[in-house]
Structure formats: C-alpha cells, structure tokens
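The values are calculated or read from the model by the stated rules, or taken from the named source; none is laboratory data. All of these numbers come straight from a predicted model, not from anything done at the bench. Methodologically, a virtual Cβ is constructed for each residue, glycine included, from the backbone with ideal geometry; neighbour enumeration extends over all protein chains shown.
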Amino acid sequence: MRIIVTGGAGFVGSHLIDRLMSAGHEVICLDNFYTGSKRNILKWLDHPYFEMIRHDITEPIRLEVDQIYHLACPASPVHYQYNPVKTVKTSVLGTMNMLGLAKRVKARFLLASTSEVYGDPDVHPQPEEYRGNVNPIGIRSCYDEGKRIAETLSFDYHRQNGVDIRVARIFNTYGPRMLENDGRVVSNFIVQALRGIPLTVYGDGSQTRSFCYVSDLVEGLIRLMNGEHTGPINLGNPDEYTILELAQKIQHMVNPDADIKFEALPQDDPKQRQPDITRAKTWLCWEPSIPLQEGLKLTVEDFRERINNS
Ligand code: NAD
Ligand code: UDP
C-alpha cells in the first residue's frame with residue numbers, strides 16, 4: 001500500500017514509519033520539522049519506497065495514497081503552547097486538508113487524537129463514552145479543543161462524505177527519540193537524572209498519568225487502521241502512577257544522587273488520567289505488553305547514548 005504519515009519525523013510518527021517500511025509499504029512522510037527531526041527517519045531517506053516531503057499541513061497538498069495516518073501536531077505542552085494559534089491551525093486546517101485529501105482519493109484516514117479530549121476528567125478511568133471536562137479558554141485549550149474539533153471534522157467527513165475514518169485517543173506515550181527538550185515528564189526526568197540536576201516535579205506530584213511504551217502504541221494504531229471499527233478507541237497503558245512515584249522510579253534507576261525539587265503546577269494540569277481500554281481489548285485484541293520498568297530502561301539507554309554523544 002502507499003501510506004502517508006503526517007508528523008512522520010516526530011516521536012511516534014517515526015516509530016510508526018519504521019513498522020510500515022519494515023512491512024514493505026510505500027511511505028510518504030509529511031512534516032514541517034517543527035518538533036520533528038530528520039535524524040528520526042535518516043535510515044529510510046535513500047530507500048526507494050520512502051519519500052520525505054517538507055510540508056506544512058495547514059496548506060493543501062495533492063497526492064495519491066491508500067491510507068493516511070494523521071499525526072502532525074506538537075504534542076508536548078511546552079511546544080503546543082509556544083504558538084497556540086498555530087497549534088489550532090494545525091489541528092483544524094491541517095486535519096481539514098488531510099480529510100479533504102482522503103475524500104478525494106478515497107483513502108482510509110486515521111486521526112491521532114488524545115486523552116486530552118477528556119480534559120481534567122471527573123470520571124475515572126476514562127471510557128470513550130465520557131464527554132470530558134475541558135476548559136475552552138485555558139492555556140491547554142489550543143491543543144485540547146483543537147483535537148476535539150479534529151474529531152468532529154473526522155466524524156462529519158465520515159457522515160457527510162463517506163470518508164473511511166479511524167479515531168485513536170492516545171494516552172501519555174514515551175520511548176526512545178523523544179526530544180531532549182521535549183518538555184514532557186518522562187523525557188524531562190530522564191534528562192535531569194542523567195545530567196545530575198534536580199528532577200522537577202510540578203505541584204506536590206500527586207497528579208497521576210498512565211504511561212504507554214511507544215511500540216505498544218504503534219501496534220494499536222496499526223490494528224485500528226486495518227480493523228473495521230471507526231472508534232474512537234482509547235490506546236494507552238492502564239498502569240497508573242503519581243508523578244512523584246515516576247520521579248522516584250527514574251531517580252533510583254538512573255541516578256540516586258539526583259535531588260527532586262517541587263515547582264509550581266501549571267494551569268489546568270489534569271489531576272488524574274487512566275484509560276479504560278475495554279474497547280481496544282475487545283475490538284482490536286490489543287493491550288500493552290511492555291511494563292513501565294522495562295520501557296523506561298530502553299528509553300534511558302537511548303537518552304544516555306544521545307547525551308554522551310552531544
Ligand atoms: P511530536 O511533536 O514528536 O511529533 C509531531 C510531529 O508533527 C513533528 O514531527 C512535527 O514537526 C510535526 N508537525 C507539527 N505541526 C506540523 C504542521 N503544521 N505541518 C506538518 N508537520 C507538523 O509528537 P508525538 O508525541 O510524536 O505525537 C504525535 C501525534 O500523536 C500528535 O498528533 C499528538 O497529538 C498525538 N498524541 C501523542 C501523545 C504522546 O504521548 N506522545 C499522546 C496523545 C496524542
Ligand atoms: N510534569 C512534572 N515535571 C516536568 C514535566 C511535567 O511534574 O518536568 C508533570 C505535569 O505537570 C503533568 C505530568 O507531569 O502533571 C505529565 O506532563 P506531560 O507534559 O508529560 O503531559 P500531559 O500533562 O500532557 O499529560
């Protein structure tokens with residue numbers, strides 16, 4: 001098949017491309033390199049089945065393809081809040097452009113949505129039926145509301161134009177290739193521990209997240225794309241940890257001498273998050289297989305190598 005991955009030079013996108021290329025597909029990566037890097041896809045650049053197009057998805061593009069994995073959008077609060085208007089344009093105009101492309105060439109379209117559509121949830125764990133608790137005017141809204149409208153657009157293109165859609169609600173995912181300055185919690189703690197500087201826990205660290213290793217997520221995305229269920233489907237690891245527990249785990253694993261320091265909690269920071277993955281289990285026969293300890297080890301090795309070589 002010929003497959004587009006938007007945001008393919010980013011963290012999740014590049015792991016997805018590795019899987020698609022290894023399966024023998026023809027892959028076109030669309031990326032504007034906002035948070036992505038050529039290094040992530042370097043090994044495919046000379047491959048005859050691979051094509052890299054530097055392109056901003058807020059502009060339309062014409063291509064002939066069978067499937068579109070639509071991942072392009074900054075995912076870390078630091079990056080999506082840097083230029084919030086651009087984040088909204090990427091989610092709204094970008095998703096509209098990619099759905100328009102899917103409609104024209106009759107390609108199947110998968111949206112990488114997010115657990116952030118649930119906002120600061122008052123239902124726990126979060127099933128797909130839960131409609132969320134999102135602040136429409138806060139500093140996270142450009143991302144949360146952007147993804148909510150991206151879901152709306154996907155379902156309206158499906159109902160109105162018959163576009164074949166899949167919607168994944170992705171929960172916190174981590175692994176090798178996250179940027180050193182990504183700003184998300186796993187990469188921050190690992191980089192801080194490796195550099196021997198204090199791990200920055202925001203608030204008192206009692207807020208929770210559930211962390212999924214990237215290879216598990218990619219397997220879920222591929223199953224969703226090639227299965228018959230539209231979704232939305234939660235994809236994430238239901239093992240839930242407080243942020244303080246995560247900091248202590250990484251401290252023990254990497255550098256017991258590194259301190260933990262407490263900083264202000266950002267506005268609208270969700271207090272708890274855990275996916276209900278009943279749908280993914282029954283519809284996709286999918287559940288994560290890599291425990292946090294193992295995934296962290298693999299991630300630490302990758303960061304250690306990069307930091308030692310930089
Ligand atoms: P990332 O920032 O590493 O990757 C995003 C990629 O999109 C980058 O390569 C970036 O350059 C590209 N991009 C951004 N704006 C663009 C634009 N206007 N035009 C073209 N390319 C653009 O983030 P990630 O963690 O790999 O996330 C990938 C997708 O998965 C995102 O849509 C994100 O919302 C979703 N997601 C990720 C997580 C997670 O924990 N990693 C959780 C929920 C949802
Ligand atoms: N966080 C933290 N220290 C950091 C970075 C993040 O304590 O250096 C916290 C953050 O406040 C949030 C959690 O870790 O409660 C997850 O943050 P992240 O940015 O990784 O993802 P999201 O908030 O989007 O789930």
Among residues of the stretch 178-224, those that are part of a helix (DSSP H, G or I) and either of a type in the set (D, E, K, R) or touching a His at 6+ places or on another chain (Cβ under 6 Å) (or both), counted: 6
What tally of residues in the stretch 70-86 results from selecting those that are assigned to a helix (DSSP H, G or I), within 16 Å of ligand 2 (Cβ to nearest atom) and either surrounded by fewer than 24 Cβ atoms within 10 Å (Cβ to Cβ) or among the acidic types (Asp, Glu) (or both)? 4
Tell me yes or no: at least one residue of the stretch 148-168 is over 17 Å from Lys271 (Cα atoms), without any contact (Cβ under 8 Å) to a residue 40 or more places away in the chain and touching a Gly at 6+ places or on another chain (Cβ under 9 Å). yes
In the set Asp122, Asp56, the lone residue that is assigned to a loop (DSSP other than H, G, I, E, B), acidic (Asp, Glu) and free of Cβ contacts under 8 Å to residues at least 24 places away in the same chain is Asp122
Give the stretch 283-296 a look and list any residue that's surrounded by fewer than 20 Cβ atoms within 10 Å (Cβ to Cβ) and either in contact with a helix residue (DSSP H, G or I) (Cβ under 7 Å, 6 or more places away or on another chain) or not in a helix (DSSP H, G or I) (or both), or say none. Cys285, Glu287, Ser289, Ile290, Pro291
With surrounded by fewer than 17 Cβ atoms within 10 Å (Cβ to Cβ) and more than 9 Å from ligand 2 (Cβ to nearest atom) as the only criterion, which of Asp269, Asp257 stands out? Asp257
Flagged in the stretch 173-194 as more than 8 Å from ligand 2 (Cβ to nearest atom), surrounded by fewer than 20 Cβ atoms within 10 Å (Cβ to Cβ) and at pLDDT below 95, in numbering order, are Leu179, Glu180, Asn181
Selection status of Asp276, surrounded by fewer than 21 Cβ atoms within 10 Å (Cβ to Cβ), at pLDDT 95 or above, over 27 Å from Gln81 (Cα atoms) and within 15 Å of ligand 1 (Cβ to nearest atom): no
If I ask for residues that are within 15 Å of the chain's Cα centre (by Cα) and either away from ligand 1 (no atom under 16 Å from the Cβ) or surrounded by fewer than 22 Cβ atoms within 10 Å (Cβ to Cβ) (or both), which ones from the stretch 219-231 would you list? Glu219, Ile222
Return yes when Leu199 is within 16 Å of ligand 2 (Cβ to nearest atom), over 24 Å from Tyr130 (Cα atoms) and crowded, with 22+ Cβ neighbours inside 10 Å and no when it is not. yes
With the structure loaded, tell me whether Val201 is within 15 Å of ligand 1 (Cβ to nearest atom) and in contact (Cβ under 8 Å) with a residue 60 or more places away in the chain or whether it fails that test. no
